[in-house]
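**Q** Here's a structure for you.
The values are calculated or read from the model by the stated rules, or taken from the named source; none is laboratory data. These numbers were taken from a predicted model, which means no experiment stands behind them. With ideal geometry, Cβ positions are generated from the backbone for all residues, glycine too; neighbour counts draw on all protein chains shown.
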Amino acid sequence: MPEVRIDPLTGLRTIIAARRADRPGGWATVGDAPPIDPETDPFAPGHEDRTPPEVYAVRPGGGAPDTPGWAVRVVPNLFPALTRDAAEPAPSHDPDLYTAVAAYGNHEVVVNAPDAVTSLADLRPEQVAVAMEAWRARMRVHAEAGAACVHVSVNERAEAGASLPHTHAQVYAMDFVPAQIARERERFTAHAMRTMGGNLLQDLVADEVRQRDRVVAIDDEAVVLSPYAARQPYQLLLAPRRPRARFEDDGPLGAALLHDALNRLRRLLGFLPPLNLWVRTAPLGAEQFCWRIDVVPRLTHLAGLELGTGVHLNIVAPEHAAAQLRDA
């Protein structure tokens, strides 16, 4: 029977209705990603002049900036959503109704590897670790510069919002804390007060590991779960085994388990779906928090329920998804 579940971390509601998976048109039509054309790929080695000058790079063999030989490369976004020189909008004629402020901040692109592939799953596990270390390095730079919130996201394939197919991440350094993240910060604080210092995600992970029903995989660094109130089929949550508030602080990354989880998806489905992935780290003002990585495959359509109410409808029960992924 359908049921409404409340996400422990966000407070958002999801309707779990597995029988709707059998209705016509319930699944998006997706398959394997097309190959990348090396001639038109601005992130390919040798095409460094097609991007803004790099601000950070990992070069195992040394070498000059903006030349081949890099393992990871970071450049300002050519079409930034946030800028350091953002101008203040003109004052509104009615500030009680209309409010706008400057889109101040930073927006960068992390080219995850020189390989012409669309997904982190197509890289070697050690390459994923190097890319994630670069995410961490840029997050640390912006946090130390005073950003209120740093958000790293990976969009894989056009169906998930990627404008370029070559695997890359986006870094948004904002001077405000988005409402959803502020809400999560409040839930961590409230849980700590109720439990005399407990960490919400640590307590959730510990209970999930005891139950085992929604655990997909686990290693010495991290745990991958199918979340209790997953919004999309085969959604995943990666959390560290030992809680740390900020992803940008030193410590395990969970890179090997993230790579494993993405390839479990591929083996189960027969292809790697379009997906969105993001790193949630402690925003400004968070005294109690724990970082995590969310992975949301794009296998179904967002429709009027999701867009009109914010309530998602998931047609694969998380327990069933976890069991399938464990077997993959």
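**Q** In this structure, does D32 turn out to be crowded, with 16+ Cβ neighbours inside 10 Å, acidic (D, E) and within 22 Å of the chain's Cα centre (by Cα)?
**A** Taking the combined requirement at face value, the residue does not satisfy it.
**Q** Could you count how many residues in segment 235-259 are buried (at least 21 other Cβ atoms within 10 Å of the Cβ) and over 16 Å from the mean Cα position of the chain (by Cα)?
**A** The total comes to 0.
**Q** Among the numbered conditions (1) in a loop (DSSP other than H, G, I, E, B); (2) under 21 Å from the mean Cα position of the chain (by Cα), tell me where A86 comes up short.
**A** With respect to (1) in a loop (DSSP other than H, G, I, E, B); (2) under 21 Å from the mean Cα position of the chain (by Cα), A86 is out only on (2).
**Q** Okay, moving on. With the condition kept exactly as written, say whether any residue in segment 123-135 is more than 18 Å from D249 (Cβ to Cβ), at pLDDT 95 or above and assigned to a loop (DSSP other than H, G, I, E, B).
**A** Among the residues of segment 123-135, at least one is more than 18 Å from D249 (Cβ to Cβ), at pLDDT 95 or above and assigned to a loop (DSSP other than H, G, I, E, B), which makes the answer yes.
**Q** Quick check on segment 154-173: of everything there that is among the hydroxyl-bearing types (S, T, Y) and farther than 15 Å from L82 by Cα, which residue is modelled with the highest pLDDT?
**A** For segment 154-173, the residue satisfying everything is T167.
**Q** Oh, and also: Evaluate the following for Q288: is it in contact with a Ser or Thr (Cβ under 8 Å, 6 or more places away or on another chain), crowded, with 17+ Cβ neighbours inside 10 Å and at pLDDT 95 or above?
**A** no
**Q** Would you check if there is a residue in segment 271-278 being among the aromatic types (F, W, Y), farther than 30 Å from G198 by Cα, in contact (Cβ under 8 Å) with a residue 24 or more places away in the chain and part of a loop (DSSP other than H, G, I, E, B)?
**A** Yes, segment 271-278 contains at least one residue that is among the aromatic types (F, W, Y), farther than 30 Å from G198 by Cα, in contact (Cβ under 8 Å) with a residue 24 or more places away in the chain and part of a loop (DSSP other than H, G, I, E, B).
**Q** Using beta carbons and a limit of 6 Å, which pairs, at least six apart or on different chains, have the first residue in segment 190-206 and surrounded by 17 or more Cβ atoms within 10 Å (Cβ to Cβ) and the second one of a type in the set (V, I, T)?
**A** From segment 190-206, the pairs are V205/V223.
**Q** Inside segment 132-144, can you point out the residues that are without any contact (Cβ under 8 Å) to a residue 60 or more places away in the chain and in contact with a strand residue (DSSP E or B) (Cβ under 6 Å, 6 or more places away or on another chain)?
**A** H142
**Q** Hey, among the residues in segment 94-150 that are of a type in the set (D, E) and closer than 27 Å to P274 by Cβ, which one's surrounded by the fewest Cβ atoms within 10 Å (Cβ to Cβ)?
**A** E126
**Q** For F79, which of the numbered conditions (1) in contact with a helix residue (DSSP H, G or I) (Cβ under 7 Å, 6 or more places away or on another chain); (2) free of Cβ contacts under 8 Å to residues at least 24 places away in the same chain fails to hold?
**A** Of everything listed in (1) in contact with a helix residue (DSSP H, G or I) (Cβ under 7 Å, 6 or more places away or on another chain); (2) free of Cβ contacts under 8 Å to residues at least 24 places away in the same chain, F79 misses just condition (1).
**Q** Out of the residues in segment 299-319 that are assigned to a loop (DSSP other than H, G, I, E, B) and touching a strand residue (DSSP E or B) at 6+ places or on another chain (Cβ under 6 Å), state the one that is surrounded by the most Cβ atoms within 10 Å (Cβ to Cβ).
**A** The extreme case among them is A317.
**Q** Which of the residues spanning segment 55-83 are surrounded by 11 or more Cβ atoms within 10 Å (Cβ to Cβ), in a loop (DSSP other than H, G, I, E, B) and among the hydrophobic types (A, V, I, L, M, F, W, C)?
**A** Residues satisfying the conditions are V55, W70, A71, L78, A81, L82.
**Q** Here are D294, D260: which of them is farther than 28 Å from A179 by Cα and either in contact (Cβ under 8 Å) with a residue 40 or more places away in the chain or in a helix (DSSP H, G or I) (or both)?
**A** D260 is the lone residue from the list that is farther than 28 Å from A179 by Cα and either in contact (Cβ under 8 Å) with a residue 40 or more places away in the chain or in a helix (DSSP H, G or I) (or both).
**Q** Look at P42 and say whether it is touching a residue at least 12 places away in the same chain (Cβ under 8 Å) and surrounded by 12 or more Cβ atoms within 10 Å (Cβ to Cβ).
**A** Against the criterion (touching a residue at least 12 places away in the same chain (Cβ under 8 Å) and surrounded by 12 or more Cβ atoms within 10 Å (Cβ to Cβ)), P42 qualifies.
**Q** Here are some conditions: (1) over 18 Å from the mean Cα position of the chain (by Cα); (2) closer than 30 Å to A173 by Cβ; (3) of a type in the set (K, R); (4) surrounded by 19 or more Cβ atoms within 10 Å (Cβ to Cβ). R214 meets all but one. Which one does it not meet?
**A** Result: R214 fails condition (2) only.
**Q** A further question follows. The conditions are (1) buried (at least 17 other Cβ atoms within 10 Å of the Cβ); (2) under 30 Å from L302 (Cα atoms); (3) more than 17 Å from the chain's Cα centre (by Cα), and R183 fails exactly one of them. Which is it?
**A** Of the numbered conditions (1) buried (at least 17 other Cβ atoms within 10 Å of the Cβ); (2) under 30 Å from L302 (Cα atoms); (3) more than 17 Å from the chain's Cα centre (by Cα), the odd one out for R183 is (1).
**Q** Out of curiosity, is A113 part of a loop (DSSP other than H, G, I, E, B) and among the aliphatic types (A, V, I, L, M)?
**A** yes
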